[in-house]
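Just below is one structure, and these are the notes that go with it.
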Amino acid sequence: MTLLARAPGEDESTSSDISVTETDPLVVERSVAEAIALASAHLKDRQEPDGWWKGELETNVTMDAEDVLLRHFLGILDDDIVGAAAGRIRSQQRPDGPWTTFYGGPGELSATIEAYVALRLAGDDPDQPHMAKAAAWARRHGGVESARMFTHVWLAMVGRWDWQKLPAIPPELVFLPSDWPLSIWSFACWARQTIVALSVISAHRPAHPLPFEIEELKSGKQPRGRRLNALGVALVALDKALHYYESLSDQWWPKRVIRGAALREAERWIVARQEADGSWGGIQPPMVYSTIALVLQGYPLDHPVIAAALRGLDAFAVDDESGRRIEACQSPVWDTALAVTALLDAGTAHDDPSIKMARDWLVQREVTVVGDWSVRRPGLAPGGWAFEFQNVHYPDIDDTAEVVIALRRGAGGPDGEGACRRAVNWLVGMQCKDGGWAAFDADNTSELPTQLPFFDFGVVTDPPTADVTAHVVEMLAAEMLAVENRPPEWREAMQKGLDWLGGHQEPDGSYWGRWGVNYIYGTGAVLPALVAAGVPAKDPRVADGARWLTEHQNPDGGWGEDLRSYVEPGWHGRGASTASQTAWALLGLLAAGERENPATKNGVEWLVGNQTPDGTWDEPWFTGTGFPWDFSLNYHLYRHVFPLTALGRYHLGTGPRPKGAKP
């Protein structure tokens, strides 16, 4: 017998036609239990001896191409490394010629240009069929003239683009006071570290020419200009004034004195923020650009700072049968916190060795350094956790919330108790004025940086988002129950967060996802937080979100959402079913008290039915977000930890749920 799942109030003419096969409940439960046992064993087997987990963060070929370009620029091209990178790049090319920025996505011009140039450096002839198709596709789509600014920077560094055509980034920015418009503190931390390094590079205007021309990538057409508001037009005028300043002779003593001081201060700023593992911020862009900037400032390749940076970059390389690829970042703290939560939700005991090892490792990773976040929050005591192995200057709010949840549920012990209390106080202090939470900074919401001519790619500020705010609210709700003598500020912060979430629900009931794709991620994060904080299931903030999830289930029983949902409304909540997105939807429905909803049961059956023999799930699709639409990630552990969490909460009744709901 087949049942048809419909949203409340939906008739047959508007039904999403989700087929749910009715089976013996005992059989389903037994299958879920077996799936949980298999997945739990698989996850424990993946734990490192020190107690942590880390899945690969798969990105796109621009990481690999820029690694090749960097090695060319520094004069350290290695045939084996370049050959392995080229093999990986070739394997990712679409049959019609271009490269994409996510699995199954459309061709992307800048990625195609960077991949093509890297293959030329690897020795691929432009007349070879795969190269000719790539060049032809690039020309049809605007050629190098229409590439993004960061691609133009790389081409300028290798002598194939005019520095004069790039917007100015003067290193004198480092002298602007923190509360001035367009100071480096107006930018998100990831952009800030990149900008300071790029300002040094653009001041030097280096060119280490490629051993070939790239005329075949030129279209001969002028690219379309960006649509600018009045503020953007004013900033274009400012850019022209800065270009005039750049054109003045470096021998003119006022410029020589000011520029020299600015370069020295930028250099000092960069060196002071190098992490113990050689990285900057634990992410690829500032690592690459900071290395180049310091080399241009006269640091030899065997200088300890540069040598550490190159080792750090090598540590981001993944070598396997497909070739060599570069991770944009690494996520051990995030992955470990999510793995602990998944195992606990699936019934693993608090004193299980896997939980104890992970708990001890997480406690040791606490950040106790006053970082750059203190510019906006002076006097706030440090606490929390970063995303990466090493990133003491930038602990992040999302990770900190998830680690506190994991430690609290995993019985963190006296050391964990102290770390959690410091973290909660730090999180409360990092709340934005409007009541939400961002990822790294507080009140980093200026519109000015978004209108600068240089930034045609990515996100350059760090405003509050629903997913991060939800994770903090969920954590605070748990702390309200667990901690005696808690400060009243904690409850006040939670209520402000709830109010913020209520004001940022989409008209259709969903919530936008900043760090995961997209409305499924946001909605799946917000509903458990609302319920944990005591919002009843009948409240529109919960009920409308659950209805939206039910309406967007795929006919096969799973959920999926394509990255194009960030730019095309028709993709909202639509895409091929994936394990991680199906789990996010289930987490939302289960929190809303929808365990008996046919959509929930069908989603559970989809997860059980798509589990691989070794206990995990296949997921080539990218469901993580770096920059909405512009830069996407495939977190290889997402396909495992979130399904295990969802199955555990379905089977055992763990996790937030409305008052009075049956476990």
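Quick check on my filter: what residues within the stretch 60-84 are at pLDDT 95 or above and part of a loop (DSSP other than H, G, I, E, B)?
60, 75, 76
Looking only at residues in the stretch 623-647 that are under 16 Å from residue 284 (Cβ atoms) and of a type outside the set (S, T, N, Q), which one is surrounded by the most Cβ atoms within 10 Å (Cβ to Cβ)?
That would be 633.
Go through the residues of the stretch 246-266 one by one and say whether even a single one is touching a Ser or Thr at 6+ places or on another chain (Cβ under 9 Å), closer than 17 Å to residue 313 by Cβ and in a helix (DSSP H, G or I).
no
Regarding residue 441, is this residue assigned to a helix (DSSP H, G or I), in contact (Cβ under 8 Å) with a residue 60 or more places away in the chain and closer than 19 Å to residue 188 by Cα?
No; evaluated as a whole, the condition is false for this residue.
Mind listing whichever residues of the stretch 495-507 are assigned to a loop (DSSP other than H, G, I, E, B) and in contact (Cβ under 8 Å) with a residue 60 or more places away in the chain? Before the answer, list the steps.
First, the residues of the stretch 495-507 that are assigned to a loop (DSSP other than H, G, I, E, B): 504-507.
Once the filter is applied, which keeps residues that are assigned to a loop (DSSP other than H, G, I, E, B) and in contact (Cβ under 8 Å) with a residue 60 or more places away in the chain, the stretch 495-507 yields only 504.
Can you tell me which residue within the stretch 106-132, out of those that are over 28 Å from the mean Cα position of the chain (by Cα) and buried (at least 17 other Cβ atoms within 10 Å of the Cβ), is farthest from residue 59 (Cα to Cα)? Walk me through how you get there before you give the answer.
Going residue by residue through the stretch 106-132, those that are over 28 Å from the mean Cα position of the chain (by Cα) are 120-132.
Of the ones still in play, those that are also buried (at least 17 other Cβ atoms within 10 Å of the Cβ) are 120-122, 124, 126, 131.
Values: 120: 21, 121: 21, 122: 21, 124: 23, 126: 26, 131: 22 Å.
In this case the residue turns out to be 126.
Might you check whether a residue that is in contact (Cβ under 8 Å) with a residue 60 or more places away in the chain, farther than 22 Å from residue 462 by Cα and of a type in the set (Val, Ile, Thr) occurs anywhere in the stretch 268-284?
no
Exactly one condition in (1) at pLDDT 90 or above; (2) surrounded by fewer than 18 Cβ atoms within 10 Å (Cβ to Cβ); (3) under 23 Å from the mean Cα position of the chain (by Cα); (4) of a type outside the set (A, V, I, L, M, F, W, C) is false for residue 450; which is it?
(1)
Among the residues of the stretch 360-379, write down those that are part of a loop (DSSP other than H, G, I, E, B), in contact (Cβ under 8 Å) with a residue 12 or more places away in the chain and out of contact with any Gly (no Cβ under 6 Å at 6 or more places or on another chain).
First, pick out the residues of the stretch 360-379 that are part of a loop (DSSP other than H, G, I, E, B): 365-371, 376-379.
Filter once more, so that each one left must be in contact (Cβ under 8 Å) with a residue 12 or more places away in the chain: 365-371, 376-377.
If the condition is that a residue be part of a loop (DSSP other than H, G, I, E, B), in contact (Cβ under 8 Å) with a residue 12 or more places away in the chain and out of contact with any Gly (no Cβ under 6 Å at 6 or more places or on another chain), then 365, 366, 368, 369, 370, 371, 376 are the ones that fit.
I'd like the full set of residues that are aromatic (Phe, Trp, Tyr) and under 30 Å from residue 353 (Cα atoms), limited to the stretch 45-98.
The answer is 52, 53.
Can you tell me how many residues in the stretch 120-145 are out of contact with any helix residue (DSSP H, G or I) (no Cβ under 6 Å at 6 or more places or on another chain), in contact (Cβ under 8 Å) with a residue 60 or more places away in the chain and under 19 Å from residue 159 (Cα atoms)?
2
Checking residue 436 against (1) closer than 29 Å to residue 506 by Cβ; (2) modelled with pLDDT under 95, which single condition isn't satisfied?
(2)
Among the residues of the stretch 395-416, count how many are in contact with a Lys or Arg (Cβ under 9 Å, 6 or more places away or on another chain), of a type outside the set (A, V, I, L, M, F, W, C) and either surrounded by fewer than 19 Cβ atoms within 10 Å (Cβ to Cβ) or at positive phi (or both).
Residues that pass the stated criteria total 1.
Condition check: touching a Pro at 6+ places or on another chain (Cβ under 8 Å), part of a loop (DSSP other than H, G, I, E, B) and modelled with pLDDT of 95 or more. Does residue 160 satisfy that? Quick ask: steps written out before the conclusion?
Numbers: touching a Pro at 6+ places or on another chain (Cβ under 8 Å): yes; part of a loop (DSSP other than H, G, I, E, B): yes; modelled with pLDDT of 95 or more: yes.
Spelling it out, residue 160 is indeed touching a Pro at 6+ places or on another chain (Cβ under 8 Å), part of a loop (DSSP other than H, G, I, E, B) and modelled with pLDDT of 95 or more.
Check off (1) in a loop (DSSP other than H, G, I, E, B); (2) within 23 Å of residue 437 (Cα to Cα); (3) out of contact with any Lys or Arg (no Cβ under 7 Å at 6 or more places or on another chain) for residue 542 and give me the number that stays unchecked.
Among (1) in a loop (DSSP other than H, G, I, E, B); (2) within 23 Å of residue 437 (Cα to Cα); (3) out of contact with any Lys or Arg (no Cβ under 7 Å at 6 or more places or on another chain), residue 542 violates only (1).
Output the residue which, of all residues in the stretch 479-523 that are surrounded by 15 or more Cβ atoms within 10 Å (Cβ to Cβ) and among the polar types (S, T, N, Q), is nearest to the chain's Cα centre (by Cα).
Only one residue tops the list, namely 518.
Kindly provide the set of residues from the stretch 464-494 that are touching a His at 6+ places or on another chain (Cβ under 9 Å), β-branched (Val, Ile, Thr) and outside any helix (DSSP H, G or I), ordered by number. So that I can check it myself, show each step before the final result.
Initially, the stretch 464-494 is screened for residues touching a His at 6+ places or on another chain (Cβ under 9 Å), giving 464-466, 469.
When the remaining residues are screened for being β-branched (Val, Ile, Thr), the result is 465, 469.
If the condition is that a residue be touching a His at 6+ places or on another chain (Cβ under 9 Å), β-branched (Val, Ile, Thr) and outside any helix (DSSP H, G or I), then 465 is the only one that fits.
Scanning the stretch 213-269 for residues that are more than 33 Å from the chain's Cα centre (by Cα) and β-branched (Val, Ile, Thr), which turns out nearest to residue 171 (Cα to Cα)?
Taking the candidates together, the pick is 258.
Can you pull out every residue in the stretch 592-614 that is assigned to a loop (DSSP other than H, G, I, E, B) and of a type in the set (Gly, Ala, Ser)? Please lay out each step first, then the result.
Of the residues in the stretch 592-614, the ones assigned to a loop (DSSP other than H, G, I, E, B) are 592-597, 610-614.
Selection gives 592, 593.
Just to be sure before I move on: is residue 235 under 30 Å from residue 141 (Cα atoms) and crowded, with 17+ Cβ neighbours inside 10 Å in the structure I sent?
Details: under 30 Å from residue 141 (Cα atoms): yes; crowded, with 17+ Cβ neighbours inside 10 Å: yes.
Yes.
Being surrounded by fewer than 22 Cβ atoms within 10 Å (Cβ to Cβ) and either touching a residue at least 12 places away in the same chain (Cβ under 8 Å) or under 15 Å from residue 242 (Cα atoms) (or both) is the filter here; which residues of the stretch 156-167 pass it? So that I can check it myself, show each step before the final result.
Just the residues of the stretch 156-167 that are surrounded by fewer than 22 Cβ atoms within 10 Å (Cβ to Cβ), to begin with: 156, 158-167.
Matches in the stretch 156-167: 156, 158, 159, 160, 161, 163, 164, 165, 166, 167.
Which condition does residue 94 not pass, out of (1) charged (D, E, K, R); (2) touching a Phe, Trp or Tyr at 6+ places or on another chain (Cβ under 8 Å); (3) part of a loop (DSSP other than H, G, I, E, B); (4) closer than 23 Å to residue 327 by Cβ, if it passes all the others?
So the condition that residue 94 fails would be (2).
Quick check on residue 370: is it modelled with pLDDT of 95 or more, closer than 27 Å to residue 179 by Cβ and of a type in the set (A, V, I, L, M, F, W, C)? Steps first, please.
Numbers: modelled with pLDDT of 95 or more: yes; closer than 27 Å to residue 179 by Cβ: yes; of a type in the set (A, V, I, L, M, F, W, C): yes.
Yes; evaluated as a whole, the condition is true for this residue.
Can you name every residue in the stretch 502-540 that is under 22 Å from residue 653 (Cα atoms) and either not small (Gly, Ala, Ser) or not assigned by TED's automatic domain parsing to the domain that holds residue 593 (or both)?
Residues satisfying the conditions are 520, 521, 523, 526, 527, 528, 530, 531, 535, 536, 538, 539.
Given (1) buried (at least 19 other Cβ atoms within 10 Å of the Cβ); (2) touching a helix residue (DSSP H, G or I) at 6+ places or on another chain (Cβ under 9 Å), where does residue 261 come up short, assuming only one miss?
(1)
Would you please list the contacts, defined by Cβ atoms under 6 Å and residues six or more apart or on different chains, that run from a residue in the stretch 72-87 that is in contact (Cβ under 8 Å) with a residue 12 or more places away in the chain and in the same structural domain as residue 319 (by TED's automatic domain parsing) to a residue that is in a loop (DSSP other than H, G, I, E, B) and surrounded by fewer than 16 Cβ atoms within 10 Å (Cβ to Cβ)?
73/208
The values are calculated or read from the model by the stated rules, or taken from the named source; none is laboratory data. Keep in mind that this is a model prediction, so the values were computed, not measured. FYI the Cβ positions are ideal-geometry reconstructions off the backbone, even for glycines, and counts take in every protein chain you see.
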